[in-house]
Amino acid sequence: MKVSCLQENLSRGLAIVGRAVSLRSVLPVLHNILLATDQSQLKLSATDLSTSITCWIGAKTKEEGATTVPARLLVDFVNSLPPEQIDLELVTRTQTLHLKCARTEANIKVIDAQEFPLIPTAIEDRKITLQPEALRQMIEQVTFAAATDESRPILTGVLADFQEAKLTLAAADGFRLSVRSAPLSEPVPEPMKVIIPARALQELGRVAAEEGEPVEMTIPSARNQVLFHLAGGALGGPIEVVSQLIEGNFPDYKQIIPTSYNTRTVVDTKEFLRAAKIALLFARDAANIVRLQMAPGEEEPGSLTLAATAAEVGDNVGQIDATIEGQAMEIAFNGRYLIDILNVIDSAQVALETSTPSSPGVFRPVGDEDFVHVIMPMHISR
């Protein structure tokens, strides 16, 4: 293998695929990134056997070939080089990759590309087209609610529910639920539900950050994996994210969302977020418990009061104006969960629907019917 490319392109390509490198595997090759020539491009791939990311960057190929290079060393070395052309040459006799950029040279020990796992590439199955901006927002508003505890694998995933011309993403960790819907550019031939690991979707959201073209999603007929294809833009080649699907039945998220409420509180999103962040400073030492008191106003605006108390630290009370429909109410939530949801609401105002101190609270952006978030309350002693 003998190939040349720009330091800037190689650095960006390595940043894209590097997050898929396995950190815990006992297989040494999974700690490596695959470099392979592909006509006038250089293909970079990394995988942890669950999620794989591949991208192509513009390059000049003098000799075809492929190898795998230790990810951490390669990334750190390339990032340290000046923004000039990098020449890469595989020396098969010594199994080393020779790199040269300006007045800097290095030889890095490699592992044969034959040992690297085979990563599926785009197939000509029916593709589902997703708009990048809507997809990024859906991922941001849903994946944070997925469980990180591997004891219930199904909850570490995000349900993707395709119904006619609509896609709904749902994630839950047993304490909260996030559901976001968006229209599809064309209807799916049949209803379909798959569970995608939340981490894979978060990586997709990251690599799609600068994507302007529609993202193509393919689910092979075997339904054991999903493939996302991105145009790639400035890199000079496409990007592909492949993930194994999680098998099992996701909880019926529609049953979890309350259909009625006794109190509806509408507040300014930024003010609510600021008050929640202050309350959490005091709640951190008291199981993150933040109390919310809704007081309807008769002639003047109502108010929402956030309070937190920690015996060892002190206490805090913050009050913000609110439009309250229904009766006065007191309920407690995990302050971190409050901040998580308020951070991903784009609308100026948010509505909180509550029924009793022991019933779930429902958060809805005002003016957006496509997003709903449910948080289980915390027990507060009287």
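Counting only strands (runs of 3 or more DSSP E) that sit completely within the stretch 1-66, those holding 3 or more residues that are farther than 22 Å from A200 by Cα correspond to 2-6, 32-38, 60-63. Within the stretch 180-214, the only residue that satisfies the criterion of being touching a Phe, Trp or Tyr at 6+ places or on another chain (Cβ under 6 Å), in contact (Cβ under 8 Å) with a residue 60 or more places away in the chain and within 15 Å of R126 (Cα to Cα) is V188.
Quick check: is even one residue across the stretch 101-113 within 29 Å of L81 (Cα to Cα) and assigned to a helix (DSSP H, G or I)? Yes, some residue in the stretch 101-113 is within 29 Å of L81 (Cα to Cα) and assigned to a helix (DSSP H, G or I).
Restricting attention to the stretch 9-23 and to residues that are out of contact with any helix residue (DSSP H, G or I) (no Cβ under 7 Å at 6 or more places or on another chain) and surrounded by fewer than 17 Cβ atoms within 10 Å (Cβ to Cβ), the residue that is farthest from L97 (Cα to Cα) turns out to be L23. R364 meets the conditions (1) in contact (Cβ under 8 Å) with a residue 60 or more places away in the chain; (2) in contact with a Leu (Cβ under 9 Å, 6 or more places away or on another chain) in every case but one. The failed one is (1). Of the residues L281, L292, the single one that is under 17 Å from H379 (Cβ atoms) and either modelled with pLDDT under 95 or under 30 Å from the mean Cα position of the chain (by Cα) (or both) is L292. Considered as a group, the residues in the stretch 107-128 that are loosely packed, with under 15 Cβ neighbours inside 10 Å and over 30 Å from S221 (Cα atoms) include one that is farthest from the chain's Cα centre (by Cα), and that residue is N107.
Looking across the stretch 80-100, the residues that are in contact (Cβ under 8 Å) with a residue 60 or more places away in the chain and either part of a loop (DSSP other than H, G, I, E, B) or among the β-branched types (V, I, T) (or both) come down to L81, P82, P83, E84, I86. Across the stretch 325-353, the number of residues qualifying as closer than 21 Å to A171 by Cα, in a strand (DSSP E or B) and not aromatic (F, W, Y) comes to 5.
If you go through the stretch 10-34 and pick out every residue that is modelled with pLDDT under 95 and either of a type in the set (S, T, N, Q) or not assigned by TED's automatic domain parsing to the domain that holds V110 (or both), you end up with 2. Within the set R12, R19, R72, R24, the sole residue that is free of Cβ contacts under 8 Å to residues at least 40 places away in the same chain and basic (K, R) turns out to be R24.
Inclusion of A198 among residues that are farther than 30 Å from G157 by Cβ and surrounded by 15 or more Cβ atoms within 10 Å (Cβ to Cβ) is not warranted. Annotation for the stretch 359-382: no member residue is polar (S, T, N, Q) and crowded, with 17+ Cβ neighbours inside 10 Å.
The values are calculated or read from the model by the stated rules, or taken from the named source; none is laboratory data. Just so it is clear, the structure is predicted and the values come from calculations on it, not from any experiment. So basically every Cβ, Gly included, is an ideal-geometry build from the backbone, and we count neighbours across all protein chains shown.
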